[in-house]
Every structure is written in structure tokens, then in C-alpha cells.
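S.K.: Have a look at the structure that comes next, please.
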Amino acid sequence: MISALLVVVALAPRPWATGETVHYRITFPEPEHHALRVEATFPAPENGPLELRMSRSSPGRYALHDFAKNVYGMRAFDAQGRELALERADPHGWRVAGPGGTVRVVYNVFGDRLDGTYLAVDTTHAHINMPAVILWARGLAERPSTIVFEPPRDANWAVATQLLPGAGPFAFTAPNLQYLMDSPVEFGPLTIRTFTVNGRTIRFAAHHTGTSDELDNFVKDVKKIVREHGRIFGELPDFEPRHYTFLADYLPYAQWDGMEHRNSTVLTSSGTIASNRTQLLETVSHEFFHAWNVERIRPRSLEPFDLDTANMSGELWLAEGFTQYYGHLVLQRAGLTDLPTTLSALGELAASVMLRTSREVRSAEEVSRMASFTDGGSPIDRTHWSSAVSYYQVGGALALALDLSLRGGSGGEITLDDYMRAMWRTHGRPGGSRPGVVDRPYTMADAEARLAEVVSDAAFARDFFARFIQGHEIADYERLLQSAGLVLRKGRPAEPWVGAVALATGGRGVRLEGAPEAGTPLYDAGLDRDDEILEAGGTRTETPDQFQEILRRQQPGSTLELMVAGRSGASRTLRLRIGENPILELVTVESTGGAPTRSETALRRSWLGGRDR
């Protein structure tokens, strides 16, 4: 493999590559122990020491993940092979003082989590998220790099990635650090299917436990999804490697995840294609929409992505939430799910903001900024935001409200598709002067301006953003959905309810494992996390089932006396007013015995069936 590396070094750089090249060689001396080895060669810095870094964050994630924690055995050498002193500058960085020439660094990385964020290595494959593996140097972010992979001995592995091709099947290049870090790799016994949509090549690279026929049929549905997304924007992006790659690991030990990248996406699940087909297709749909929304239609708050810190954005309601909405909508338009399933998903989006008091505390913009704490972060202290609505839900609900508002207000002439196309034309399609770069990222003001252009009404756009995105108001979903002949109604009327909270058997009674959400009967009665319910209505309660059985005998509006012990052990008597289960369901007016009007039928057909159908 050394000879292959030398050939790669000799290749002329692509037009966008500038400066001396950084070289990486990745080998697997101990895959059985979930480790790989990296040999990185950096050109000499122009001035001062060589400052080396492991990323703290990863493109597509917004919280910190501190990948340096899994790096060990690092050593540095000069061009003559003499070992150099490494100074640990901080928990995430090292410094080689005054090397005076090329520096070669060798280190090991442990990884045993198969998802879209981390590294997973074993004897069957390597799933590589670059920030979890690649050491980089300050001041060299614009340098091109080469990456050579060397499989374990006797392993029949192949590589799937959005990295640009090098010399040979295991050699690749990246024009700059941003593109390199945004390019995951699946290295193993891959099965690859390829198809073309609108002149663009799409690859589905799978490491899975299903059959060949199952994969073939699944990829046929993936093609339908890709085509339907292309209809929304009128075209597919110009993928820099001349292809887009789905990297799918459907393996028993995988975590459920999807992670978007500029020209690829990671799909991981412990379920099989046969057992989780619809859910897996939902993830495919969501992640492929990101090829436009967030990867090219990108908030300025995320451009360029900062590998050294958490990346906060107030626009995730649009970048992630609108993507969540279209993920469901496209499955319906592509004929890959039935109407009740789609209505259930859309109804849940509306209910997520209608029934949660947390929307009164944080606006959609503020919820988006919370991602720096919630997006895979793991606080060990108790927090007050565990029951908050996520930016996926808030943004998805906003997309639903805006889509129906545009359709209803224009007689079906203007839709959310038009808005996304406007964002694409102005901020996405211009692309970047180089891969990994977005030249025209948008601000909140830009997003509002594009809406004003689409509706030719600046007051409407200003009002929508002020009330529903930066304010705390909630759209009238019942009225909006009624315009499509749909009914948002109570799903379990007259069912007693006290709030959704996990219960467990405690030391003396039934313990609340979580904090009740504000506005629920348990919260209003004065209960909190770790309280134990000893008696309910004079009856001893020792298990959650006993307490639930007592609740089932109550009527909404009635009052139940509880004896509760707090964490100090002292008991007190509280009065719990029983509520009615607020859960909502979205159904067609036909299912309630009514009939949709002609305009309602037309709106529903154009919305859920695609504009051109």
C-alpha cells in the first residue's frame, strides 16, 4: 500500500486544491479490539509550532462529542524518522514545537458505536465518521488531503464514500478539511446498487443481514423517494463526486440513526429491511431532503462548521424541522405509505406543539438553539428541559401550518414547495466555489425575505415569523387541516389522564422517575421527580399497575386524594384533579360520517398526491 500512497501523492491536485497536501493512511492491526491506526503526514508550518487537533463536534451534529477521548498511543516523527516531543496543549490538542520540516504522526483510535456520529470497528467492517478519527492541524484547513485505507489481512473489503477518487480502489482525496470531515466511509463487505435520476447517479451501499432480493426491492423504493424529492426542487444537486451515496448499516448491533452529509448520508439500524421497511424508508426520505436543505440551503450560523466547539443555530426549525415534515410527505406522494399512516405522522406534529406548554417558554428559534445541549449530548445533572418540544417537532409543525396556509390562501397556487424552491434558487443552487463550502448561506432575515417574495406580501412573511417562529403563538391547526377535509379530534375522549411520566416501583410506593410536565394534573397537584405515591383514594399503591388500575376507575374532572412521600421521606396529602386524555388524532372527514367539499378534496389531492398529479 505504500506504493499506492506514493502514486496518490504524485497526482496533480484538482482545480480547487491549493498548497501542500496532508496525507492519511488508515490501517487495522487490531480490528477485533475495535481499533484502527492512523498515520498522518503534515507539511511543515510556515511559522511556529505544529498545532494538532481532534474535533469536538461533527458536521450534522450540534452538541459536543469530544472525540479525543478515544485517541491513544500518539507519537510524532520528523522526515528522518527521529521521534519528536509532543506537548499536550489541551484535552483536544497536541503541539509539536518547531519541527522544521514534515511531521509524521501515528496514533490509534478506539471505536465501538455504530451510528452516524462515532467510529465502529470490528472484524467484519469499519464504519468511519471522519471527525472521530482524523487528526487535523491549525492553519492547514485549506490544504488538500489524500486518504489511503489498508484492509485487514485476508479481508475482502470495499470502500463506499463521497470522498473524491484517488489512484486505486482504496485511495481517495479531499480538497479541504471541511469536505474531508463531512465525508463518512463504510469499509467492509459491501453490496452496492446504482441507479440514475434526472441525470444524477445514486448509489446505495449496504452492509446488512437481509437477502439480495430484499435489498433490490428496497432500493426500488429508494429510487421513488429520490425522484419525488427531485420534483419538489425541480432538479437534483450537482454532486461533486458525480454521485450521491447512501451508506447503510442494517446490523443487529447498530444504533438507529441517520446523518446527512453533502454528497452522502449514513443510515444505521438494528432492524432489517424486511422487519422495519417503512421506518427505514422514512429515514432515507428525511436524510435525502438534506442534500438540499442544510447541506446546500445552509444557515449562516453553520457555515463554516466549527470543529472546535458546539455549533448553535436558531434556524434548525427550518433546516431540520421542515426536513422532518417533507420526510413524511414524500413517502405519501411516492405511494410508499398509506393515508392513515401519513395523517398519524402529521397529526403528531401538530399535537406536539398544541399540547406542550414548553412552547410558551421557548420559541421555535430558541428551541433550535437548544440543540447544542440536546443533540446527542449526555448531561449527568438533571435538567429542566427534558420535556421540551424538539426542533424537529416544532419545525415540522411550522412546515405543516405554513404549507396549508399558503395553499389555502392562494387557492392552491402557492405551496411550501414554492418556498423551498425559492430558498434553493437563491441560497442553495449557487453552491460553493469549492466542495465543502456554501457561498450564500442564509440568515433568519433571508428566510423571511424569501417567503415575502413567494407570496408577494412582506407583511404576511413578517407576521408569520414574528408570531410563530420568534414568538410563542401556535397556529390554528384545526382550521388549517379542515381546509383539506381533515379532522383533528380527541383520540381518547373521556379517558382519565394525569400526565405522561414514567413510573416505577419504589422503596415505599410508586415512584415518579421523571418530572411531570407543567400544566399536567400531576404537576399541578405538586408532585415531582422521585416522589413516591403511597396511597391513592385510600388504597395502598405499591406498583405502577396498581396505581394505573385506580386511575382507570376515575372520571375526568374528579379529584383523587394521594398520600405522597418526598425524597426526604416525609409524607404529605395532595389532591390530584383527574384530567381528560388530550391525545389527538388526525382523520379524514369521511371517516367521521361527513363529506369533504370540492375545494377540500382538491387541496388534499394536490397536497398529498403531488402538485403535478
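S.K.: Anything in the stretch 433-456 that is part of a loop (DSSP other than H, G, I, E, B) and without any contact (Cβ under 8 Å) to a residue 24 or more places away in the chain? List them, or say none.
M.R.: Correct list: Asp439, Arg440, Ser456.
S.K.: Examine the stretch 91-98 for a residue that is closer than 30 Å to Gly258 by Cβ and of a type in the set (Lys, Arg), and state whether such a residue exists.
M.R.: no
S.K.: Ok, one more. Does Gln555 satisfy the condition of being surrounded by 15 or more Cβ atoms within 10 Å (Cβ to Cβ), over 30 Å from Thr601 (Cα atoms), polar (S, T, N, Q) and not assigned by TED's automatic domain parsing to the domain that holds Gln393?
M.R.: No, not satisfied.
S.K.: What pairs come up if the first residue lies in the stretch 540-569 and is aromatic (Phe, Trp, Tyr), the second is in a loop (DSSP other than H, G, I, E, B), and their beta carbons are under 7 Å apart, counting only those six or more places apart or on different chains?
M.R.: Final answer for the pair search is Phe547/Thr541.
S.K.: Restricting the search to the stretch 344-376, which residues are in a loop (DSSP other than H, G, I, E, B) and either surrounded by fewer than 16 Cβ atoms within 10 Å (Cβ to Cβ) or in contact with a Lys or Arg (Cβ under 8 Å, 6 or more places away or on another chain) (or both)?
M.R.: Val361, Met370, Asp375, Gly376
S.K.: Output yes when any residue across the stretch 506-514 is at pLDDT 95 or above, out of contact with any strand residue (DSSP E or B) (no Cβ under 6 Å at 6 or more places or on another chain), outside the structural domain of Thr357 (by TED's automatic domain parsing) and among the basic types (Lys, Arg), and no when none is.
M.R.: no
S.K.: For the stretch 146-160, check the following and say yes or no: at least one residue is surrounded by 22 or more Cβ atoms within 10 Å (Cβ to Cβ), assigned by TED's automatic domain parsing to the domain that holds Thr21, in a loop (DSSP other than H, G, I, E, B) and in contact (Cβ under 8 Å) with a residue 24 or more places away in the chain.
M.R.: For the stretch 146-160, residues surrounded by 22 or more Cβ atoms within 10 Å (Cβ to Cβ), assigned by TED's automatic domain parsing to the domain that holds Thr21, in a loop (DSSP other than H, G, I, E, B) and in contact (Cβ under 8 Å) with a residue 24 or more places away in the chain: absent.
S.K.: Shifting gears a bit: For the stretch 151-179, what are the residues that are aromatic (Phe, Trp, Tyr) and farther than 26 Å from Thr123 by Cβ?
M.R.: Correct list: Tyr179 only.
S.K.: Within the stretch 128-147, how many residues turn out to be touching a strand residue (DSSP E or B) at 6+ places or on another chain (Cβ under 7 Å), farther than 20 Å from Phe67 by Cα and of a type outside the set (Gly, Ala, Ser)?
M.R.: Total meeting the criteria: 3.
S.K.: Does Gly485 count as modelled with pLDDT of 95 or more, touching a helix residue (DSSP H, G or I) at 6+ places or on another chain (Cβ under 8 Å) and not aliphatic (A, V, I, L, M)?
M.R.: Considered against the rule, which asks whether it is modelled with pLDDT of 95 or more, touching a helix residue (DSSP H, G or I) at 6+ places or on another chain (Cβ under 8 Å) and not aliphatic (A, V, I, L, M), Gly485 comes out as yes.
S.K.: Let me ask something additional. Restricting attention to the stretch 100-113, does a residue exist that is crowded, with 21+ Cβ neighbours inside 10 Å and assigned to a loop (DSSP other than H, G, I, E, B)?
M.R.: Yes: the stretch 100-113 contains one or more residues that are crowded, with 21+ Cβ neighbours inside 10 Å and assigned to a loop (DSSP other than H, G, I, E, B).
The values are calculated or read from the model by the stated rules, or taken from the named source; none is laboratory data. As the structure is a prediction and not an experimental result, all values here were calculated from the model. Cβ: placed from backbone, ideal geometry, glycine included. Neighbour counts: every protein chain shown.
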